[in-house]
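Engineer: The following block contains the structure, expressed as structure tokens.
Any read-out appearing in this document is the output of simple, stated calculations on the displayed coordinates, not a laboratory observation. Computed from a predicted model, the values in this text were never measured in an experiment. Virtual Cβ from ideal backbone geometry, glycine too; neighbours counted across all protein chains shown.
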Amino acid sequence: MKKNKIKDSFLEQLRKIPIVQVACEKTNISRNSIYRWRKEDPKFLDEMELALSEGEALVNDMSENQLLSLIKDRNWNAISFWLRHRNPKFREKVEATVKLENQNTPLSPEQEDLIKKALLLAMPPQNNDKSKS
């Protein structure tokens with residue numbers, strides 16, 4: 001029973017500040033214990049992932065609020081950041097032009113690799129990284 005109360009306290013701290021080390025310090029629990037619990041208890045692992053997500057959402061909301069305050073104060077860096085990340089007209093663009101002398105000639109492996117790299121740069125990032133602990 002006491003262990004559950006300690007785990008709940010840790011998870012509550014993680015919801016406030018989604019940094020494992022900080023939550024450990026605030027609840028006086030070692031990181032080793034946390035990672036052992038994650039390994040031994042699938043339910044705790046799920047609860048911890050949820051708490052991290054909730055904590056990140058809270059920090060994102062606070063950050064966005066601060067950014068909007070800076071924009072209201074006419075802070076150019078904040079304005080520029082917002083526009084580059086929220087408005088397609090202001091996003092950084094990659095432009096590639098190619099002059100093909102003979103359009104029937106197949107691409108060399110180096111040219112194919114260069115085109116793949118350019119396409120990767122042009123695509124928006126895929127945010128699938130959930131291992132931020």
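Engineer: Over the chain, what is the relative contact order in whole percent, taking alpha-carbon pairs under 8 Å and six or more residues apart? Don't skip to the end; give the middle numbers.
Structural biologist: Values: 70 pairs, mean separation 27.0, N = 133.
Normalised by residue count, the contact order of the chain is 20 percent.
Engineer: If you take the beta carbon distance between residue 8 and residue 66 as r and set R0 to 22 Å, what does 1/(1 + (r/R0)^6) give as a FRET efficiency, to the nearest 0.05? Display every interim value, and only then the final one.
Structural biologist: Values: r = 30 Å, r/R0 = 1.35.
For residue 8 and residue 66, the calculated efficiency is 0.15.
Engineer: Give the range of the longest stretch in the chain that excludes all trypsin sites (Lys or Arg not before Pro) found in loop regions by DSSP and having at most 12 other beta-carbon atoms within 10 Å. Mind showing how you got there, number by number?
Structural biologist: Values: sites that count: 74, 91, 93, 99, 130, 132.
With a cap of 12 other Cβ atoms within 10 Å, the longest stretch comes to 1-73.
Engineer: I need 14, 52, 83 ordered by Cβ neighbour count within 10 Å, fewest first. Mind dumping the intermediate values first?
Structural biologist: Values: 14 28, 52 21, 83 14.
The order, fewest Cβ neighbours first, is 83, 52, 14.
Engineer: While we're looking at this one, here's another question. Counting GluC sites (Glu not before Pro) as exposed when in a DSSP loop with at most 16 other beta carbons within 10 Å, what is the longest stretch of the chain free of them?
Structural biologist: The longest uninterrupted stretch comes out as 1-91.
Engineer: Per-residue ellipticity at 222 nm for the chain, helices alone: DSSP H runs ≥ 4 residues times -39500 (n - 2.57), over residue total, nearest 500 deg cm²/dmol?
Structural biologist: Details: 6 runs with 89 residues, N = 133.
Per the formula, -22000 deg cm²/dmol.
Engineer: Next question, about the same structure. At 24 Å minimum axial length over the Cα atoms and a Kyte-Doolittle cut of -1.0, report the qualifying DSSP H helices in the chain, or say none. Intermediate results must be reported in sequence, preceding the final value.
Structural biologist: Values: long enough: 42-72 (45 Å, -0.05).
Membrane-span-like by this criterion, though nothing is claimed about a membrane: 42-72.
Engineer: Out of every Cα-Cα pair in the chain, what percent are more than 17 Å apart? Can you show the working numbers first?
Structural biologist: On the way: 6360 of 8778 pairs.
For the chain, the share of Cα pairs beyond 17 Å comes to 72 percent.
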